[in-house]
1. Excluding residues on the same chain fewer than 8 positions from Lys49, give the lysines whose Cα lies under 21 Å from its Cα.
2. Rounded to the nearest 500, what is the chain's calculated 222 nm mean residue ellipticity when only DSSP H runs of at least 4 contribute -39500 (n - 2.57) each, over all residues?
3. State the dimensionless ratio Rg/Rh of the range 14-117 (Rg: radius of gyration of Cα atoms; Rh: Kirkwood radius).
4. Glu37 versus Glu188, label points 7 Å from Cα toward the beta carbon: distance in nm?
5. Enumerate by residue number the trypsin sites (Lys or Arg not before Pro) in the range 169-248 meeting two conditions: DSSP loop (anything except H, G, I, E, B), and at most 16 other Cβ atoms within 10 Å of the site's Cβ.
6. Excluding ligands and nucleic acids, what accessible area in Å² is computed for Asp100 using a 1.4 Å probe, to the nearest 10?
7. Most mobile of Ile108, Ile175, Ile127 per a Gaussian network model of the chain (Cα springs, under 10 Å)?
8. Show which lysines lie in cross-link reach of Lys67 when reach means a straight Cα distance below 19 angstrom and same-chain residues fewer than eight apart are skipped.
Amino acid sequence: MENRIALITGATSGIGRATAHALAKQGFKLILCGRREDRLITEKAVLAKMTEVEITAFDVRDQDAVKKAIHALPEAWKKIDVLVNNAGNAHGLDPIQTGDVRDWDAMIDINVKGLLYVTKEIVPGMIERKSGHIINLGSIAGKEVYPNGNVYCASKFAVDALTRGMRMDLNPYGIKVTSINPGLVETEFSLVRFKGDEERASAVYKGLDPLTGDDIADVIVYVLTRPDHVVLADITVFPKAQGSSTLVNRTV
Ligand code: NDP
Ligand code: 8X3
């Protein structure tokens, strides 16, 4: 029976929420994070039937809030074994010449700096205990640039570089670092990217069978249940219909 503690950022939706459910089934104790506290409360009520759950609401952009939230965790929850750096989104899909600076700031601040702020609070404990596993949600957008993806792709290329750098720097301490790089996953991702435009968001997945949050959660469970000496360093996951960032076989 698992008794590791996993902290998941962005657990209120999509991949993070699915990961929380999958890890609860494996018996992981969970710390769920996100800004929408109402959703965290709902998730806790559901998952508490399977495992122990702690919730903490903060914006990953706010370094003080991140620090306070992690420091305020009850003593029994401070030995975090697994960090799933999942919080993130795309904001907008515009050519560089017309991109909105507020979207650029959001993507750099959340996807890159937010990931760093959370990692900074959790890594010292892992170093002290000489164990731990960090899983960063990258993207195919962090492997291949696509038209109008500019800043989102840059943020995920940064995640890719950070993942590789973390794996090197944390190597002396026995800390495992994995990146998971999905292609098209149907979550609230496109709704956020297109600022609530449901028609535009659903068109992204039209004519194909996209990945679901559960598909990625399944990979995360696999990554976390390998023998201690095995690290799955870098995993790209596509739906069958996808051949690259820009090549998708649609039936309609
Ligand atoms: P969702 O929009 O469904 O979920 C995003 C999650 O991130 C939410 O739980 C949200 O919580 C959280 N989040 C966003 N901004 C912040 C913030 N400022 N502070 C704290 N939490 C935040 O998208 P996905 O589940 O699809 O995305 C999860 C990760 O997977 C992201 O890093 C994304 O880039 C990556 N990814 C997604 C793909 C896809 O096609 N869907 C493909 C490849 C990678 P809340 O709003 O409550 O704060
Ligand atoms: C999300 C996948 O292709 O929309 O990271 O950028 S994509």
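The values are calculated or read from the model by the stated rules, or taken from the named source; none is laboratory data. As the structure is a computational prediction, the values presented were derived from the model and not from experiment. FYI the Cβ positions are ideal-geometry reconstructions off the backbone, even for glycines, and counts take in every protein chain you see. Note: accessible area is taken over every heavy atom of the protein model, side chains too, but ligands, DNA and RNA are not part of it. Shrake-Rupley method; radii C 1.70, N 1.55, O 1.52, S 1.80 Å.
1. Result set, ordered by chain and number: Lys25, Lys29.
2. -11500 deg cm²/dmol
3. 1.03
4. With each label point 7 Å from Cα toward Cβ, the separation is 1.6 nm.
5. Numbers: sites: Lys176, Arg193, Lys195, Arg200, Lys206, Lys240; in loops: Lys195, Lys206, Lys240.
Sites meeting the loop and neighbour criteria: Lys195, Lys206, Lys240.
6. So the heavy atoms of Asp100 present about 50 Å² to solvent.
7. Of the options given, Ile127 has the highest mean-square fluctuation.
8. Cross-link targets: Lys78, Lys79, Lys113, Lys120.
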